[in-house]
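Enquirer: Quick one: this structure, given as structure tokens, is what I'll be asking you about.
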């Protein structure tokens, strides 16, 4: 067995923790690099990275949505609601032309309460 | 009369060759220790798949005159596999085939939590040196804090083989006690507001990332730390079997039959190092005490670093996932989930905690590699 580099426990701790952090940081950078060069990642994500203007990109479908969406929406649903739904759908990469109808579901307080309980059950 | 004499001589000869004539008080105590460990494994279900064969190996090791380690045979072959670091990398092959690195790839920043939790290893190392252990023994004892059995055995064999039994028993016993050890520390170090932090859903990870990661990680880590190339290399090879999608049979073998077979050999062989001369010494109690210190310090280190990351990320990271950085896959991640759910029902932290949890496995191996490079 060769001689250890040092026998001071605090120096050993300091050097080892630094090396552990450095190696895992390098590994983190490698993971990020793999993600960046990944040729198979979803298209939308690639576009976001290529043109970092998400606010403008997200705003565009919201503005154009009511025109296409009001036809699918039932009477009594305001254009603002349609715009919000259109924005939510656009964030998943779909357009309003794919929406067939927007209509309110009948509300049932007992059902909703039951669902909330199920969702929160530990 | 001649017949009686021959009979008496034969009986004397059988007695002289039997284990009873060489049986010592130490052997008796160690067999009782083995039976106690068997009780913990079978009745209390403390890591039974590992503690069971370790305990039985301990009983076997304390039968005198068996010639287990001196005459060729199965026991010597098992001992060869332990002494020459063959079994721990094979176990890592199986662990790699069972591990989903997806949560880590989706949020690589959690690697830092796996690094922070390694502080337990070095706190125990400092404690061991203050108690009079030499630097190699202290390094082997400290690795208990990594909560990773194969790595602890791998390092102990190379730095302090005479302490292998005590270190393995301490490591596996505390790993099974993670659900009892960690929650009080996690609660003590975090506020209610911190425990309630909800984390964003992880991004989907592509197959390209899953396949590239084990290959690139094996290259990078093996070049940086050659002493652990066989451990990390096998871990990543097993993971490649799993993620490639074209090596399902190998993946199945690695994570089931091979892993089970090697576990039997590794655990039994580890138990067989627990002979009375090496185990019945005051240092064993110190090692068990230091193991607890290592687990507590590692948990605290992960949680405290989690608090820092929570603030830096703008309250997007729940500090409770930091405790999962002490490996013990997947038990430590489950503890984060349970404590998080108690603080806020519906707050699912399990997948988020798996990131630091698997990072902890890599972190412990890296810590072992650094110590081998510095201290061996």
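Enquirer: State the number of residues belonging to the range A:26-39 that are facing chain B (nearest Cβ under 7 Å) and in a helix (DSSP H, G or I).
Expert: 8
Enquirer: For residues that are surrounded by fewer than 24 Cβ atoms within 10 Å (Cβ to Cβ) and either in contact (Cβ under 8 Å) with a residue 40 or more places away in the chain or within 14 Å of the chain's Cα centre (by Cα) (or both), tally how many sit in the range B:261-277.
Expert: We begin by selecting, within the range B:261-277, every residue surrounded by fewer than 24 Cβ atoms within 10 Å (Cβ to Cβ); these are B:261-265, B:268, B:275-277.
Now restrict to residues that are either in contact (Cβ under 8 Å) with a residue 40 or more places away in the chain or within 14 Å of the chain's Cα centre (by Cα) (or both): B:262-265, B:268, B:275-277.
Number of matching residues: 8.
Enquirer: Now for a different question. Hey, can you tell me all the residues within the range B:139-163 that are within 11 Å of another protein chain (Cβ to nearest Cβ) and not in a helix (DSSP H, G or I)?
Expert: Residue satisfying the conditions is B:160 alone.
Enquirer: For the range B:123-138, what are the residues that are more than 8 Å from chain A (Cβ to nearest Cβ) and in a helix (DSSP H, G or I)?
Expert: Correct list: B:124, B:127, B:128, B:137.
Enquirer: Please indicate, with yes or no, whether at least one residue in the range B:60-75 is part of a helix (DSSP H, G or I), within 14 Å of chain A (Cβ to nearest Cβ) and farther than 20 Å from residue B:259 by Cα.
Expert: no
Enquirer: Continuing with this model, one more query. Quick one: which helices (runs of 4 or more DSSP H) sit completely within the range B:82-122 and have at least 2 residues that are within 12 Å of another protein chain (Cβ to nearest Cβ) and over 23 Å from residue B:254 (Cβ atoms)? Break it down into steps so the answer makes sense when it comes.
Expert: Details: elements: B:87-98, B:102-106, B:111-116.
Passing ranges, in order: B:111-116.
Enquirer: A further question on this structure: Which is over 24 Å from residue A:13 (Cα atoms), within 13 Å of another protein chain (Cβ to nearest Cβ) and buried (at least 22 other Cβ atoms within 10 Å of the Cβ), of B:369, B:340, B:301, B:325?
Expert: B:340
Enquirer: All but one of (1) within 13 Å of chain A (Cβ to nearest Cβ); (2) without any contact (Cβ under 8 Å) to a residue 60 or more places away in the chain hold for residue B:311; which doesn't?
Expert: All conditions are met except number (1).
Yes or no, residue by residue, for (1) within 23 Å of the chain's Cα centre (by Cα); (2) within 13 Å of chain A (Cβ to nearest Cβ); (3) surrounded by fewer than 19 Cβ atoms within 10 Å (Cβ to Cβ):
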{"position": "B:203", "(1), (2), (3)": "no, yes, yes"}
{"position": "B:209", "(1), (2), (3)": "no, yes, no"}
{"position": "B:216", "(1), (2), (3)": "no, yes, yes"}
{"position": "B:220", "(1), (2), (3)": "no, yes, yes"}
{"position": "B:228", "(1), (2), (3)": "yes, yes, no"}
{"position": "B:236", "(1), (2), (3)": "yes, yes, no"}
{"position": "B:242", "(1), (2), (3)": "yes, no, no"}
{"position": "B:258", "(1), (2), (3)": "yes, no, yes"}
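Enquirer: Could you check the range B:5-43 and list, in sequence order, the residues that are in contact with a helix residue (DSSP H, G or I) (Cβ under 7 Å, 6 or more places away or on another chain), within 19 Å of residue B:53 (Cβ to Cβ) and free of Cβ contacts under 8 Å to residues at least 12 places away in the same chain?
Expert: If the condition is that a residue be in contact with a helix residue (DSSP H, G or I) (Cβ under 7 Å, 6 or more places away or on another chain), within 19 Å of residue B:53 (Cβ to Cβ) and free of Cβ contacts under 8 Å to residues at least 12 places away in the same chain, then B:42 is the only one that fits.
Coordinate-derived values only; no laboratory data. The model shown is predicted, which means the values in this text are computed figures rather than measured ones. Quick reminder, even Gly has a Cβ in these numbers, built from the backbone with ideal geometry, and neighbours come from all protein chains shown.
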